[in-house]
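The values are calculated or read from the model by the stated rules, or taken from the named source; none is laboratory data. Worth saying up front: this structure is predicted, and the values here are computed from it rather than measured. For neighbour counting, all protein chains shown are included, and Cβ atoms are generated from backbone atoms with ideal geometry for every residue, glycine included.
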Amino acid sequence: MRGRPYDQRLSWAPELVVRVKGGEVRMNQQGNRNAWKGLVAGVVGGVVASWAMDRFQYWWLSFDGGDERQLQQTQSDEGNQEEPATVKTAAAISEGVFGHSLTAREKEIAGPIVHYAVGTTAGAVYGVAAEYEPNVTTLAGFPFGAAFWMVVDEGSLPLLGLTKGPTAYPISTHAYALAAHLVFGLTAEVVRRTVRRAL
């Protein structure tokens, strides 16, 4: 085989030699991938990001004084206040799996549990994905947060009947939800990267 032999000087970063029109393109491949470390870093990032997102939502609503879909404090067609999507999810699981209808007190506890469970799961997937495809961490996690918003808020929740369709809400509501998820993505990436370097 023509060209320079495989260079093993950097055992932790093996090189891949690719021939392109008679020339050589040398590409480094990351050699320290570890799914378990990525999972741990992602879980921690997801938990902290869920907290940061919750604080951002509280701040936004306190500052704006408006009714936003993410917390589902909107008025339904019948004039009754809707429950948060997280509470609806918890109630559906409780009734469908355990045959138990949640009390008002149980809903107050179950809602945040679902919020953190979803955020932690997303962080875990993100952490593992970052080990094998570093490009997912591009732009400090903002694309991850935006994708999370698109898949969950704009897609899954309406399809499951946990929120109204996207067109039922004003642009300001979508902007609020997107901003909250961008905070989630940024926080998840900063924490994931910090924890991953420490492992």
Do we have Asn32 as within 23 Å of Pro158 (Cα to Cα), of a type in the set (S, T, N, Q), loosely packed, with under 10 Cβ neighbours inside 10 Å and at pLDDT below 90 here?
no
Assess whether Ala104 counts as being surrounded by 15 or more Cβ atoms within 10 Å (Cβ to Cβ) and at pLDDT 90 or above.
no
Among the residues of region 148-188, which ones are under 10 Å from the mean Cα position of the chain (by Cα) and without any contact (Cβ under 8 Å) to a residue 40 or more places away in the chain?
Phe148, Trp149, Val151, Val152
Selection count where residues are among the polar types (S, T, N, Q) and in contact with a Ser or Thr (Cβ under 7 Å, 6 or more places away or on another chain), scope region 145-199
0
Among residues of region 108-147 being buried (at least 18 other Cβ atoms within 10 Å of the Cβ) and over 21 Å from Thr194 (Cα atoms), the residue farthest from the chain's Cα centre (by Cα) is Ala110
Does Tyr58 fit the bill of being modelled with pLDDT of 90 or more, in a helix (DSSP H, G or I) and of a type outside the set (A, V, I, L, M, F, W, C)?
no
Taking the stated definitions as given, is Gly145 in the same structural domain as Gly46 (by TED's automatic domain parsing) and farther than 29 Å from Lys37 by Cβ?
no
